[in-house]
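To start, the structure under review is shown below, and the notes come after it.
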Amino acid sequence: MEIVLRYRGRAVDTADVALIKELIAAHPGASRRALSLKLCEAWGWVQDNGAPRDMVCRGLLLQLHRARQITLPPSRWEGREPPVYRRKPPAVEVPSEPLEASLSELGPVEICQVRRTAEEALCNSLVQQHHYLGYVRPVGEHLKYLVTAQGRPVGCFLWSSAPRHLGPRDRHIGWSKEARRTNIRFIAYQVRFLILPWVHVPHLASHLLGRMSRQLSADWEQVYAHPIVFVETFVDPALYRGTCYRAANWTELGPTTGRGKDAPTMKPTRSIKQVFGYALRKDFRQVLCHLG
């Protein structure tokens, strides 16, 4: 069979396209989302936790539509703001009196996973208001954390699925393309890390990174039915040195190209970041390079 498209590690051939056309014809009134769910069911395309790979499947269908391989029904979001571009989180007021203390004086620190809880809106709002990059909806599998101490928020974490192609990380791991496609799910990307600007506690950032490294994999497995063995993030060297990551024993893996995943040119189109990574298990290379 002729390969028509490759998307997120899945090869789509002419037989797959014929199946999709039949599915669309059999459900003329179905929305794009409904068609995506039906295709996931037909292919048995699910996440490790059993949930359909709906968003990935919708992206694949859209690529086929744009390539004129299939014709999707009109988008029902046309004329309205699509979900991925929803309005920024509304501001939520929290106590902003200066909090200055040593780490020992700060007292117990809690790191709570808040995705799909009543505290998620607060986490989103704090990131939007106080992180220099603002809030961005995490991609794919993702978790959100609210950090509290002395009965008040002091910081947040946002984690998501890892970028598929990242040269410094891929060279550090030493995996093949096939192993990367199979095992990229075992890596989490730190989208945002925030300590609120009025919190001044020396060594708090590296302490939280250490705590997070011991908690993240179990939380991820509870939600998505698979562990995390390696984590990564970007640091803008024009603004930060990555001191807290170094103090928490993260490894500086190297610079990005500055081109992004869909860059039309070999020249940098955005700022170059430093990639930092941290192994959650000693055998992370064995896990990530394993095929079978």
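Worth a mention:
- Beyond 29 Å in Cα-Cα separation lie the following of the pairs Lys21/Lys144; Lys88/Lys177; Lys177/Lys282; Lys38/Lys88; Lys88/Lys282: Lys21/Lys144; Lys88/Lys177; Lys38/Lys88; Lys88/Lys282.
- DSSP bridge analysis restricted to the chain gives an antiparallel fraction near 90%, rounded to the nearest 5.
- Spatially proximal aspartates and glutamates relative to Lys273 (Cα-Cα < 16 Å; intrachain offsets below 8 disregarded): Asp170, Glu232, Asp236, Glu252
- Within the chain, helix-based [θ] at 222 nm, where runs of 4 or more DSSP H residues each add -39,500 (n - 2.57), nearest 500: -10000 deg cm²/dmol
- For Gly155, the residues 5 or more places off, or on other chains, whose built amide H falls under 5 Å of its own are Val147, Leu196.
- Under a 5 Å amide H cut-off, with hydrogens placed 1.01 Å from N, Glu141 pairs with Ser161 among residues at least 5 apart or on other chains.
Bear in mind that the values in this text are calculations on the coordinates, not laboratory data. Not measured: the values here are computed from a predicted model.
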